[in-house]
Amino acid sequence: MIDSGATAPAAPALPPPFPFFLPVAGQGARFCLYHAPAGPAMAALVYLHPFAEEMNRSRRMAALAARALAARGVAVLQIDLLGCGDSSGDFSDARWDAWHADVRHAVAWLSERSGHAPGLWGLRMGALLALDCARDVACPHLLLWQPVHSGATYLTQFLRLQLAADMLDQQQAARTTTAALRATLRAGTPLEIAGYTLAPAMADALDALDSKTLAPPCPTHWFELAPEAGRPIPPAGAAVLQAWQMQGAAVQARVVAGPQFWATPEIATSAALLDATAGLFGAAHVQ
């Protein structure tokens, strides 16, 4: 082999993320972060964040994954939904149907920008939103990170945050239950839970969501996190997976190692989840 002394051309550098506000008619604007590949896009994904404080705790992982995907030719759009992050409105303004509309706007923008029909990538409640939106936006593929299976169960867990806060007040703790909190919501009164004001309409929408009835209409990759890789999907997830398979859904589910970064008070990441996600789209081609 003859060495001519010539060096191979450097791989193109990945562009920095592009922040912007996406206008939504009559509802202000949504803050977005666009991660463009160095060259022509090979695919596209819209990232849908989790609920309330889980969104903030997941920002680092979402950013790392978006960057890794862009390095593999995937155009990624992160959007802060209505009432979340830096988007218009307060959390009390958040509505499930408005989040559906946000997804449609994000998909339309990314489709035009990338030249590809975007898939949906969701984490936790964002994964349940992705499943609920998949038919509306003709989604070509889904990427689910630790999806919430039942909106009603998740709502109960969210309401328990208020019960924990009430433990500081013995009188309040004695009379507050999740049933009482649900009754307050059904009566039309918003509730402040862990610093987030939950609207009755949002609570009603969450109560009606069951992932078993939302079999994905497109190829789907589902990743769960556990202390060790190779563990089976937990029973609740396995029941959903079985229901989907009986409906003919094409789903690949896998457990990878890592912490529940959306729930830890400190910033946590999972290299295994990042590698597995980026690996769906081949090798990186930028430096």
Open item on the list: Just to confirm my filter: which strands (runs of 3 or more DSSP E) fall fully inside segment 156-262 and include at least 1 residues that are within 19 Å of the chain's Cα centre (by Cα) and without any contact (Cβ under 8 Å) to a residue 60 or more places away in the chain?
Closed with: 220-226, 251-257
- [ ] Look through Gly115, Gly83 and report the one residue that is within 18 Å of Asp204 (Cα to Cα) and at pLDDT 95 or above.
- [x] Gly83
- [ ] Evaluate segment 58-75: report whether one residue or more is buried (at least 20 other Cβ atoms within 10 Å of the Cβ), on the phi > 0 side of the Ramachandran plot and out of contact with any strand residue (DSSP E or B) (no Cβ under 6 Å at 6 or more places or on another chain).
- [x] yes
- [ ] Take the residues in segment 241-254 that are within 26 Å of Ala152 (Cβ to Cβ) and in contact with a strand residue (DSSP E or B) (Cβ under 9 Å, 6 or more places away or on another chain), then tell me which one is surrounded by the most Cβ atoms within 10 Å (Cβ to Cβ).
- [x] Trp244
Open item on the list: I'd like to check something: does segment 101-115 contain any residue that is of a type in the set (Phe, Trp, Tyr) and closer than 24 Å to Trp244 by Cβ?
Closed with: no
- [ ] Show the residue pairs that are 6+ apart or on different chains and have beta-carbon atoms under 9 Å apart, the first residue being within segment 140-151 and at positive phi, the second being at pLDDT 95 or above and among the aromatic types (Phe, Trp, Tyr).
- [x] Gln146/Trp222; Gln146/Phe223; Gln146/Trp262
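One line per residue, one yes/no per condition, for (1) surrounded by 15 or more Cβ atoms within 10 Å (Cβ to Cβ); (2) in contact with a Ser or Thr (Cβ under 8 Å, 6 or more places away or on another chain):
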site: Ala187; (1), (2): no, no
site: Ala199; (1), (2): yes, yes
site: Pro216; (1), (2): yes, no
site: Phe223; (1), (2): yes, yes
site: Glu228; (1), (2): no, no
site: Ala238; (1), (2): no, no
site: Val256; (1), (2): yes, yes
Task: Unmet criterion (only one of (1) assigned to a loop (DSSP other than H, G, I, E, B); (2) crowded, with 18+ Cβ neighbours inside 10 Å) for Pro140 - done: (2)
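The values are calculated or read from the model by the stated rules, or taken from the named source; none is laboratory data. The structure presented is a predicted model; accordingly, all values stated were derived computationally and were not measured. So basically every Cβ, Gly included, is an ideal-geometry build from the backbone, and we count neighbours across all protein chains shown.
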